[in-house]
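*Asks:* The structure that follows is given in the form of structure tokens.
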Amino acid sequence: MNSKGKYAATDEGYYGEFGGAFIPEMLYANVDNLKRNYQQIIEETDFQLELKSLLRDYVGRPTPLYFAKRLSNELNTKIYFKREDLCHTGAHKINNTIGQILLAQRLGKKRIIAETGAGQHGVATATVCALMGLKCIVYMGEIDIARQAPNVQRMKMLGAEVRPALSGSKTLKDATNEAIRDWINNPNDTHYIIGSVVGPHPYPDMVAYFQAVISEEMKVQLKAKTGSENPNYIVACVGGGSNAAGAFYHYLENEEVKLVLVEAAGEGINSGKSAATSILGSQGVIHGSMTLLMQDKYGQIIEPHSISAGLDYPGIGPMHAHLIKSKRAEVYAATDQEAIEAAFHITKTEGIIPALETAHALAILPKMNLLPSDVTVINLSGRGDKDLNNYLEYQPERMHDE
Ligand SMILES: *Cc1c(COP(=O)(O)O)cnc(C)c1O
């Protein structure tokens, strides 16, 4: 945190011109309390010891770095998967919720709220609340509740209350609005666990720090497997950008390592049904942060679309806005169709069913013109169990194609 490099957050949470804390007055006390305390708490020895032991024994870290042999042969290059799909609860999200629940406890909070899209962050939050015996309320868009039913059931079994967001597109952005509203009404006993590197400072910096364990492990694992801790490319899908932030973190200032973000193009970038924020977006404020977002000429949010509920967000974290603007990171977009095809292909090639979000990152590999000597790490952000219905719906058509 605050490693003070060119691409790290300043003390006020700025990444270049992006970031900061643009919040209503009624939220000021909550955010200020967090901002004044988070760094000191995180640096305390007992915090670090408890975090490390839970990451090891509860989450299952370090996650493996797996050489995808058949895929590498097929593309005539070297591809590694960083297996965040093997984390407890099935995605990288729990790295952050474990960190934030320990922080919330030390801040004396008794009630936890969260927003969720695909339900992965909701499940990861409900899980750590059960672990610590804290009350948990998860806001989720009504449409996402319908398309991610297994995760809704998991949250309920874990003891969380799932509250539907009924406004707007009834997806992730609307759930976030509801969570912010709740926090304004419950400033004293409640901690809001944001699930990505979005929101007002200090969230992007804090969430990136908790996810940074991904690239910390990657360095050691790459060194052991390839002789160098530096890959040529790191590729990650981006919704808000937390799995990408974690995979990039320890390489941000090392410009030899190329950073690649993959956005959801939905039905196509110019189809009117897309979530390709960096291409379709412009500078503005969303959920407390100056960043790139999809907005009309009046500054109203344009509803995003992606088949993947986890990428269906009209903004992008300020760290990524800065990485893109400064050309430190390169952006690709994959459509719904390309993501589904990649998911089937990887499943058959490597025996790993990826999350729909992750499938977007996998989809661009053939377009990258990778050299035989290139080492590429794909952050395999999550597993596809929650997406089986989507996949199965698609399968008859695909089998017909073949
Ligand atoms: C939530 C999620 C994402 C998108 O969120 P980021 O903050 O951009 O990482 C990607 N992959 C999986 C598996 C997810 O659950």
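*Asks:* For the stretch 236-279, give me each residue that is touching a Pro at 6+ places or on another chain (Cβ under 9 Å) and open to solvent by 20 Å² or more (accessible area, probe 1.4 Å).
*Replies:* Selection gives K258, K273.
*Asks:* For the stretch 104-114, name all the residues that are open to solvent by 10 Å² or more (accessible area, probe 1.4 Å) and in contact with a helix residue (DSSP H, G or I) (Cβ under 8 Å, 6 or more places away or on another chain).
*Replies:* Correct list: Q105, R106, L107.
*Asks:* From the list G117, G122, G133, G141, pick out the single residue that is in the same structural domain as N37 (by TED's automatic domain parsing), small (G, A, S) and open to solvent by 10 Å² or more (accessible area, probe 1.4 Å).
*Replies:* Sole residue among the options that is in the same structural domain as N37 (by TED's automatic domain parsing), small (G, A, S) and open to solvent by 10 Å² or more (accessible area, probe 1.4 Å): G133.
*Asks:* Would you mind stating whether V59 is open to solvent by less than 10 Å² (accessible area, probe 1.4 Å) and in contact with a helix residue (DSSP H, G or I) (Cβ under 8 Å, 6 or more places away or on another chain)?
*Replies:* Taking the combined requirement at face value, the residue satisfies it.
*Asks:* Turning to a different aspect of this structure: Does F47 satisfy the criteria of being in the same structural domain as P372 (by TED's automatic domain parsing) and either under 26 Å from L172 (Cβ atoms) or assigned to a helix (DSSP H, G or I) (or both)?
*Replies:* Judged against the criteria, F47 is not a match.
*Asks:* Out of all the residues in the stretch 306-321, is one or more in contact with a Lys or Arg (Cβ under 9 Å, 6 or more places away or on another chain) and open to solvent by 40 Å² or more (accessible area, probe 1.4 Å)?
*Replies:* No, that holds for no residue.
*Asks:* Could I ask something else about it? Can you tell me how many residues within the stretch 175-204 are crowded, with 24+ Cβ neighbours inside 10 Å and farther than 26 Å from I41 by Cα?
*Replies:* 1
*Asks:* Right, here's the next one. Of all residues in the stretch 205-214, which are open to solvent by 10 Å² or more (accessible area, probe 1.4 Å) and of a type in the set (V, I, T)?
*Replies:* Of everything in the stretch 205-214, just one residue is open to solvent by 10 Å² or more (accessible area, probe 1.4 Å) and of a type in the set (V, I, T), namely V213.
*Asks:* Would you tally the residues in the stretch 362-382 being within 14 Å of the ligand (Cβ to nearest atom) and touching a Leu at 6+ places or on another chain (Cβ under 8 Å)?
*Replies:* Total satisfying the criteria: 1.
*Asks:* If you don't mind, another one. Does the stretch 78-91 hold any residues that are open to solvent by less than 10 Å² (accessible area, probe 1.4 Å) and under 22 Å from L49 (Cβ atoms), and which are they?
*Replies:* Correct list: C87 only.
*Asks:* Scan the stretch 28-43 and give yes if some residue there is open to solvent by 80 Å² or more (accessible area, probe 1.4 Å) and in contact (Cβ under 8 Å) with a residue 12 or more places away in the chain, otherwise no.
*Replies:* So far as the stretch 28-43 goes, no, none of its residues is open to solvent by 80 Å² or more (accessible area, probe 1.4 Å) and in contact (Cβ under 8 Å) with a residue 12 or more places away in the chain.
*Asks:* Further question on the same structure: Among the numbered conditions (1) surrounded by fewer than 23 Cβ atoms within 10 Å (Cβ to Cβ); (2) away from the ligand (no atom under 16 Å from the Cβ); (3) touching a residue at least 24 places away in the same chain (Cβ under 8 Å); (4) not aromatic (F, W, Y), tell me where I101 comes up short.
*Replies:* (1)
*Asks:* Within the stretch 308-325, is even one residue away from the ligand (no atom under 14 Å from the Cβ), polar (S, T, N, Q) and outside the structural domain of P202 (by TED's automatic domain parsing)?
*Replies:* No, the stretch 308-325 has no match at all.
*Asks:* If we scan the stretch 13-22, do we find a residue that is among the aromatic types (F, W, Y) and assigned to a helix (DSSP H, G or I)?
*Replies:* No, there is no match, as no residue in the stretch 13-22 is among the aromatic types (F, W, Y) and assigned to a helix (DSSP H, G or I).
*Asks:* With the requirement that a residue be of a type in the set (A, V, I, L, M, F, W, C), away from the ligand (no atom under 16 Å from the Cβ) and either part of a loop (DSSP other than H, G, I, E, B) or more than 21 Å from E256 (Cα to Cα) (or both), what does the stretch 224-240 give you?
*Replies:* none
*Asks:* Within the stretch 215-223, is there a residue that is closer than 20 Å to A276 by Cα and either crowded, with 18+ Cβ neighbours inside 10 Å or within 13 Å of the ligand (Cβ to nearest atom) (or both)?
*Replies:* Scanning the stretch 215-223, I find no residue that is closer than 20 Å to A276 by Cα and either crowded, with 18+ Cβ neighbours inside 10 Å or within 13 Å of the ligand (Cβ to nearest atom) (or both), so the answer is no.
*Asks:* Now for a different question. Could you give every pair whose Cβ atoms fall below 8 Å, whose first residue belongs to the stretch 332-347 and is outside any helix (DSSP H, G or I), and whose second residue is open to solvent by 20 Å² or more (accessible area, probe 1.4 Å), counting only separations of at least 6 or pairs across chains?
*Replies:* Cβ pairs passing all conditions: Y332/K367; A333/I269; A333/I279; T335/E267.
*Asks:* Anything in the stretch 353-394 that is modelled with pLDDT of 95 or more, aliphatic (A, V, I, L, M) and open to solvent by 10 Å² or more (accessible area, probe 1.4 Å)? List them, or say none.
*Replies:* I353, A363, M368, L370, L371, V375
*Asks:* Quick one: in the stretch 62-77, of everything that is within 16 Å of A363 (Cα to Cα) and touching an Asp or Glu at 6+ places or on another chain (Cβ under 7 Å), which residue is surrounded by the fewest Cβ atoms within 10 Å (Cβ to Cβ)?
*Replies:* R70
The values are calculated or read from the model by the stated rules, or taken from the named source; none is laboratory data. Just so we're clear, the structure is a prediction, and the values are computed from it rather than from any experiment. Cβ: placed from backbone, ideal geometry, glycine included. Neighbour counts: every protein chain shown. Just the protein is used for accessible areas: all its heavy atoms, side chains included, with ligands, DNA and RNA removed. Shrake-Rupley method; radii C 1.70, N 1.55, O 1.52, S 1.80 Å.
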